[in-house]
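Notes follow the structure.
The values are calculated or read from the model by the stated rules, or taken from the named source; none is laboratory data. Please read these numbers as outputs of a predicted model, since none were measured by experiment. Don't worry about glycine lacking a Cβ; one is built from the backbone with ideal geometry, like all the others, and counts go over all protein chains shown.
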Amino acid sequence: MNAFFHIDQARDLDRQDSLAKFRALFHLPVWDGKEVIYLTGNSLGLQPKGTSAAILQELEDWKNLGVEGHFHAQRPWMPYHEFLTDSLARLAGAKTSEVVAMGSLTANLHTALASFYRPNAERPAILCEAKAFPSDRYALVSQLEWHGYREADLIEVHGQSEDGVPTDEDILEAIERHGSRVATLLIGGVNYFTGRLYDMERITRAAQAHGIVVGWDLAHAMGNVPLKLHEWGVDFAAWCSYKYLNAGPGGTAGLFVHERHHEVSLPRLAGWWGHNKSSRFQMGPTFDPIPSAEAWQVSNAPVLSMAAQRASLDVFDQVDMDAHRKKGLDLSLRCMEMLEALSAELGEPMELLTPRNDAARGCQVSVKFLQRDRHFFDALVKQGVVADWREPGTIRMAFIPLYSSYEDLARLEQILRLTLAS
Ligand SMILES: *Cc1c(COP(=O)(O)O)cnc(C)c1O
């Protein structure tokens, strides 16, 4: 069969890949006796093989110790979230005091905005990107209304391209134009639809120079692209753990709060798990916040869910993140080149929504097949290609450096070639 990317070349690259060994640490779904080509790690990451043992350990400790597990479990439940902190801090580019595993993503955005969206008549607005993930938009509009402002005070920065997603330049220009009216900026660091990665450092600094408080939604960035939240001076950020972090459906999310906000008394939505650990169980009436991101914790840790995340972070702990970044860029670039070659060869019109340059993307590729409908996508799924479909005509595929292989890409090409030709 014709091929742009040959299976032998793919296998050679897999043999040379220093991260190839990590694939064996994950359960690859098997359909009809064959491993699928799993391209939806940006939606739900695969299960690490260590996950069930990690959860079973907590069930065992609960069974045998009851409430004493809070202190005497193999990993005591009382400080359980702390077992995730070092690994998350490394991935976020943060100090350990600046990150905490807690809650769920949208809820964490609200929790953070309670402290970091403080509008007034001169500065009522929130600035975000057009085509943000719907939950983020709902959250932002509800925040505006909660404070007595209107949906019109949400400044959505539109891009010039058809997909509507703005570039760095579009956002920087909007900051210049609207900066004095904006209280808070909140943008997805990697756009969920196109896979565009923003220059978070540059945008953060430009916005802060206008007196704007800056937050990032890192749902598609944590575990995907390099982050240096501390160094960039980001005020706050939140992420979920079930996408690139492989912590399982609905897994415990995370929050970053820059250390400059730890000792100041910000308004917040408080709960007992944010209270000074040494006096928490004196059950006093007055909230005494922990001087770290932990102060934003509302409730005690969901241990079973965090156990799954611990198992996943055990894998990340062994990974050279520079090699991880390089592999994600390489696989996704080869995929884009393969798609362009197929498009030219077969006369199949398609459009890449993901930027080509490395600085503006992670490992996701979004491609729009201009003359194809859902039947085309369903035919791919039948052949074991697990990607995702968004109307109109768009397929999103993520090449996860921990478990995607070059052979996956070569097999994908073969299936695409046959399906497009039929
Ligand atoms: C996946 C995703 C969410 C999901 O929110 P949950 O609160 O975890 O359900 C929100 N925002 C963005 C940008 C996402 O990519």
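Go through Leu44, Leu28 for me and flag whichever is in contact with a Leu (Cβ under 9 Å, 6 or more places away or on another chain), more than 30 Å from His72 (Cα to Cα) and assigned to a loop (DSSP other than H, G, I, E, B).
The match here is Leu28.
Checking Ala107 against (1) within 16 Å of the ligand (Cβ to nearest atom); (2) part of a loop (DSSP other than H, G, I, E, B); (3) hydrophobic (A, V, I, L, M, F, W, C): exactly one of these is not met. Which one?
Of the numbered conditions (1) within 16 Å of the ligand (Cβ to nearest atom); (2) part of a loop (DSSP other than H, G, I, E, B); (3) hydrophobic (A, V, I, L, M, F, W, C), the odd one out for Ala107 is (2).
Output the residue which, of all residues in the range 110-122 that are more than 16 Å from the ligand (Cβ to nearest atom) and surrounded by 18 or more Cβ atoms within 10 Å (Cβ to Cβ), is farthest from Gln309 (Cα to Cα).
It comes out as Pro119.
Quick one: would you say Ala301 is without any contact (Cβ under 8 Å) to a residue 60 or more places away in the chain, surrounded by 13 or more Cβ atoms within 10 Å (Cβ to Cβ), within 27 Å of the chain's Cα centre (by Cα) and in the same structural domain as Lys228 (by TED's automatic domain parsing)?
no
Among (1) surrounded by 23 or more Cβ atoms within 10 Å (Cβ to Cβ); (2) of a type outside the set (S, T, N, Q); (3) in contact with a helix residue (DSSP H, G or I) (Cβ under 6 Å, 6 or more places away or on another chain), where does Leu266 come up short?
The single condition Leu266 does not satisfy is (1).
So which of Val30, Val100 is exposed (fewer than 12 other Cβ atoms within 10 Å of the Cβ) and of a type in the set (Val, Ile, Thr)?
Val30
When only residues in the range 144-166 that are touching a Leu at 6+ places or on another chain (Cβ under 6 Å) and in a strand (DSSP E or B) count, which is nearest to the ligand (Cβ to nearest atom)?
Leu154
If you scan the range 72-90, which residues turn out to be among the small types (Gly, Ala, Ser) and not in a helix (DSSP H, G or I)?
Of everything in the range 72-90, just one residue is among the small types (Gly, Ala, Ser) and not in a helix (DSSP H, G or I), namely Ala73.
Check the range 45-63 and report whether any residue there is within 21 Å of the chain's Cα centre (by Cα) and within 16 Å of the ligand (Cβ to nearest atom).
For the range 45-63, residues within 21 Å of the chain's Cα centre (by Cα) and within 16 Å of the ligand (Cβ to nearest atom): present.
Give me a count of the residues in the range 128-143 that are among the aromatic types (Phe, Trp, Tyr), in a helix (DSSP H, G or I) and under 18 Å from Met200 (Cβ atoms).
Within the range 128-143, residues that are among the aromatic types (Phe, Trp, Tyr), in a helix (DSSP H, G or I) and under 18 Å from Met200 (Cβ atoms) number 0.
Pairs needed: first member in the range 198-217, in contact (Cβ under 8 Å) with a residue 24 or more places away in the chain; second member anywhere, among the acidic types (Asp, Glu) and within 16 Å of the ligand (Cβ to nearest atom); C-beta distance under 9 Å; at least 6 residues apart or different chains.
Tyr198/Glu129; Asp217/Asp136
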